[in-house]
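What follows is one structure encoded as structure tokens, with my remarks underneath.
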Amino acid sequence: MTVSATAAAATLGKLGFAQGQIIQEFGYDHDVADDLRFDVEDIVGSELEDEDFNNGADGVIIWYRAGDDDLVDLLVDGITKLFDQGFIVLLTPKAGRAGHVEMSEVEEAASTAGLLTGGTFNVANDWGATRLMTPKGSHR
């Protein structure tokens with residue numbers, strides 16, 4: 001494993017990804033970071049599930065750009081797919097990139113959807129990640 005691969009695995013672990021998880025993906029398009037997707041698949045040991053998957057997930061990845069559908073609605077859709085203790089990783093374009101989303105907008109949408117932010121991470125050249133979780137003890 002290269003140094004950069006080790007660093008990527010450590011960051012993805014901090015985001016919550018682990019072996020054996022089912023991860024569902026929303027917002028896939030031509031501009032996503034395929035290397036990041038492959039790294040997640042390597043860690044969890046299976047392919048990412050698409051938006052039509054209905055069996056529940058340990059985690060949800062949402063690729064979101066300014067101008068996409070309503071972020072609160074997407075986050076609520078993601079929450080409904082999660083098993084207990086599940087998490088959402090919101091991926092947004094970095095500052096200066098097309099489709100950049102201000103962190104204040106992410107925080108407001110997360111709060112409105114009933115989620116807590118759990119840190120932001122540099123995960124790809126053009127994309128940053130924010131870990132979002134339901135409050136401990138909350139029931140959907």
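The values are calculated or read from the model by the stated rules, or taken from the named source; none is laboratory data. Being a predicted model, the structure only gives us computed values, none of them experimental. Heads up, the Cβs are rebuilt from the backbone with ideal geometry, glycines too, and the neighbour counts pull from every protein chain shown.
Out of curiosity, is residue 101 farther than 20 Å from residue 18 by Cβ, touching a Phe, Trp or Tyr at 6+ places or on another chain (Cβ under 8 Å) and modelled with pLDDT of 95 or more?
Values: farther than 20 Å from residue 18 by Cβ: yes; touching a Phe, Trp or Tyr at 6+ places or on another chain (Cβ under 8 Å): yes; modelled with pLDDT of 95 or more: yes.
Yes: the conditions hold for residue 101.
Within the range 55-69, can you find the residues that are in contact (Cβ under 8 Å) with a residue 24 or more places away in the chain and in a loop (DSSP other than H, G, I, E, B)? Even if it seems obvious, please write down each step before you answer.
Restricting attention to the range 55-69, the residues satisfying the condition of being in contact (Cβ under 8 Å) with a residue 24 or more places away in the chain are 55-68.
Result: 55, 56, 64, 65, 66, 67, 68.
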Handout entry: Index of the failed condition, residue 33 passing every other in (1) more than 17 Å from residue 133 (Cβ to Cβ); (2) surrounded by 19 or more Cβ atoms within 10 Å (Cβ to Cβ); (3) touching a residue at least 60 places away in the same chain (Cβ under 8 Å)
Key = (2)
Practice task
Go through 65, 37 for me and flag whichever is basic (Lys, Arg) and either touching a helix residue (DSSP H, G or I) at 6+ places or on another chain (Cβ under 8 Å) or farther than 24 Å from residue 7 by Cα (or both).
Solution key: 65
Practice task
Go through the range 93-127 and count every residue that is in contact (Cβ under 8 Å) with a residue 24 or more places away in the chain, polar (S, T, N, Q) and under 20 Å from residue 81 (Cα atoms).
Solution key: 1
